[in-house]
Amino acid sequence: MRRVNIANPEFTYDAEDPDGFRSGMARFGKDLGAEQTGTTLYELPPGQALCPYHYEYGEEEWVLVLEGRPTLRTPEKTGPLEPFDLAFFPKGPAGAHQLRNDTDAPVRVLMWSNVLHPTVTAYPDSGKVGVWTGDEAEDLMVERSSGVEYFHGE
């Protein structure tokens, strides 16, 4: 049986993440042999958010608060979560969400979802759409306003 203990993970940080979106992550899905699901433990330092406000078209997501009190923004409201709160984000606009740390202490959350390629993520605040193909060279982030008609350029 493959397993991992998440009590003391080694977090990696993406050097390209701008201030306000710097969070550590430890991914476990592939290491444990998962092919259709993914699990990531995130650490959010004070003043940082996990991702921009977004929703998924192909994936359902879950979050479990392990430590601290993150702020969760959804279409219904923005408010604090407590340790061991569990939240579910369905596909589509109803599942829009953002987690951030508005406190002075680190926050740790465990997130998991099905993993689907290709899939699309929408970012309503910035008007962007991300297309994730499973091949990083083919992935695309565009502004909705740059959309063209189906036969454009044919």
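The values are calculated or read from the model by the stated rules, or taken from the named source; none is laboratory data. These numbers were taken from a predicted model, which means no experiment stands behind them. Here the Cβ is made from the backbone with ideal geometry for all residues, glycine too, and neighbour counts use every protein chain on show. The area values use the complete protein model at the heavy-atom level, side chains included, leaving out ligands, DNA and RNA. Shrake-Rupley method; radii C 1.70, N 1.55, O 1.52, S 1.80 Å.
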For the range 3-88, what class follows from the C-alpha gyration tensor (a ≥ b ≥ c being the square roots of its eigenvalues): rounded when a/c is under 1.5, otherwise prolate if a/b is larger than b/c, else oblate? rounded
Karplus-derived HN-Hα couplings along the range 23-28 (A = 6.51, B = -1.76, C = 1.60, θ = phi - 60°), whole Hz, x at Gly and Pro: 9, x, 9, 9, 9, 10
Rounded to whole Å, √(5λ) for the Cα gyration tensor eigenvalues of the range 61-131, largest first, gives 23, 14, 11
Run the numbers on the range 19-154 and let me know its relative contact order in percent, using alpha-carbon pairs under 8 Å that are six or more apart. 26 percent
Below 19 Å, Cα to Cα, which lysines can Lys91 reach? Residues fewer than 8 away in the same chain don't count. Lys77, Lys128
Sorted from largest down, what three extents in whole angstroms do the Cα atoms of the chain have along their principal axes? 55, 39, 29
Carbon and sulfur together cover what percent of the accessible area of the range 1-101 at a 1.4 Å probe radius? 49 percent
The answer for GluC sites (Glu not before Pro) in the range 26-76 that fall in a DSSP coil and have at most 13 neighbouring Cβ atoms within 10 Å is Glu35, Glu76
Grab the Cα-Cα distance for Glu60 and Met141, subtract it from 0.36 nm times how many residues apart they are, and report the gain in nm with one decimal. 27.1 nm
Can you tell me the order of 97-107, 14-24 when each peptide is scored by its average per-residue count of other Cβ atoms within 10 angstrom, highest first? 97-107, 14-24
Given the C-alpha atoms of the range 11-50, compute the convex hull and give its volume per residue in Å³. 70 Å³
Give the distance, in whole Å, between the Cα centre of the range 106-148 and the Cα centre of the range 36-105. 15 Å
Counting only DSSP loop positions in the range 56-103, the chymotrypsin sites (Phe, Trp or Tyr not before Pro) whose Cβ has at most 10 other Cβ atoms within 10 Å are Phe84
Once phi is turned into θ = phi - 60°, what whole-Hz ³J(HN,Hα) does the Karplus curve with 6.51, -1.76 and 1.60 give for every residue of the range 56-73, x standing for Gly and Pro? 9, 8, x, 10, 8, 10, 10, 9, 10, 7, 9, 8, x, 9, x, 9, 10, 9
